[in-house]
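Here the structure is laid out as structure tokens; the discussion comes afterwards.
The values are calculated or read from the model by the stated rules, or taken from the named source; none is laboratory data. Worth saying up front: this structure is predicted, and the values here are computed from it rather than measured. Don't worry about glycine lacking a Cβ; one is built from the backbone with ideal geometry, like all the others, and counts go over all protein chains shown. Surface areas here come from the heavy atoms of the whole protein model, side chains and all, with no ligands, DNA or RNA. Shrake-Rupley method; radii C 1.70, N 1.55, O 1.52, S 1.80 Å.
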Amino acid sequence: MKVVLFCGGYGMRMRNGMGDDVPKPMQMVGPRPLLWHVMRYYAHFGHTEFVLCLGYGAHYIKDFFLRYQETASNDFVLRAGRVELLSTDISDWTVSFVHTGQDSPIGERLRRVRH
């Protein structure tokens, strides 16, 4: 079963002021963004296929996953200059990044990822 997450809104009620352009899903909760924690929760129950409906701030979300550092929250061994993870966060996740429009309402975002 795929999990569809709506990540494209402006998140106006969760801002640190007018100059804050980081979208709500990327607001930090500890060392990881809110979106990661939501996805981790679903993954705990076996749902590891995600469709992210992107809009406002899509580049923040894409950059986070493209530059993801598992060593920040997982134990690892450094041997001969190579990192060996002892556990992993997201290696079994499949994440689809779909830009569903800057100002699209939720229903339209869902329609755009129906396939």
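Label-to-label distance for A80 and F97 is 3.3 nm, based on points extended 7 Å past Cα in the beta-carbon direction.
Residues whose amide H lies under 5 Å from that of H99, counting only those 5 or more places away or on a different chain, are L54; hydrogens are built 1.01 Å from N in the peptide plane. Averaging the sequence gap over all C-alpha pairs within less than 8 Å and six or more residues apart, then dividing by the number of residues, gives the chain a relative contact order of 32 percent. Rounded to the nearest Hz, the phi-derived 3J(HN,Hα) couplings of the range 95-102 under the Karplus curve 6.51 cos²θ - 1.76 cosθ + 1.60 (θ = phi - 60°) are 10, 9, 9, 10, 7, 9, x, 5, where x marks glycine and proline. Based on protein heavy atoms only, the chain ends up with 66 Å² per residue of surface accessible to a 1.4 Å probe. Extension gain, R40 to D63: 0.36 nm times the residue separation minus the Cα-Cα distance gives 6.5 nm. Of the trypsin sites (Lys or Arg not before Pro) found in the range 20-99, those in coil by DSSP whose Cβ has at most 10 other Cβ atoms within 10 Å are R67. Under 5 Å from the amide H of V51 lie the amide H atoms of V3, V4, L5, S96, each residue being 5 or more positions distant or on a separate chain, with H modelled from the backbone and absent for Pro and chain starts. Just to verify a number: FRET efficiency for E49 and D21, C-beta to C-beta distance, R0 = 30 Å, to 0.05? Efficiency, from the Cβ-Cβ distance: 0.55. Per-atom-type breakdown for the chain gives carbon and sulfur 55% of the accessible area (1.4 Å probe, protein chains only).
Shape class for the range 25-77, computed from the alpha carbon gyration tensor (a ≥ b ≥ c): oblate, with a/c not under 1.5 and a/b at or below b/c.
Once both axes come from the Cα atoms, what is the angle between helix 34-44 and the longest principal axis of the chain, in degrees from 0 to 90, rounded to 10? Tilt of helix 34-44: around 70 degrees.
Qualifying chymotrypsin sites (Phe, Trp or Tyr not before Pro) in the range 39-115, where qualification requires a DSSP coil assignment and no more than 10 other C-beta atoms within 10 Å, comprise F45. Report the far tail of the P(r) of the chain, meaning the percent of Cα-Cα pairs longer than 17 Å. Of all Cα-Cα pairs in the chain, 60 percent lie more than 17 Å apart. Working from the Cα coordinates of the range 69-115, the gyration tensor eigenvalues give, after taking √(5λ), semi-axes of 38, 10, 9 Å in decreasing order. Between T88 and A72, the contour length at 0.36 nm per residue exceeds the Cα-Cα span by 4.7 nm.
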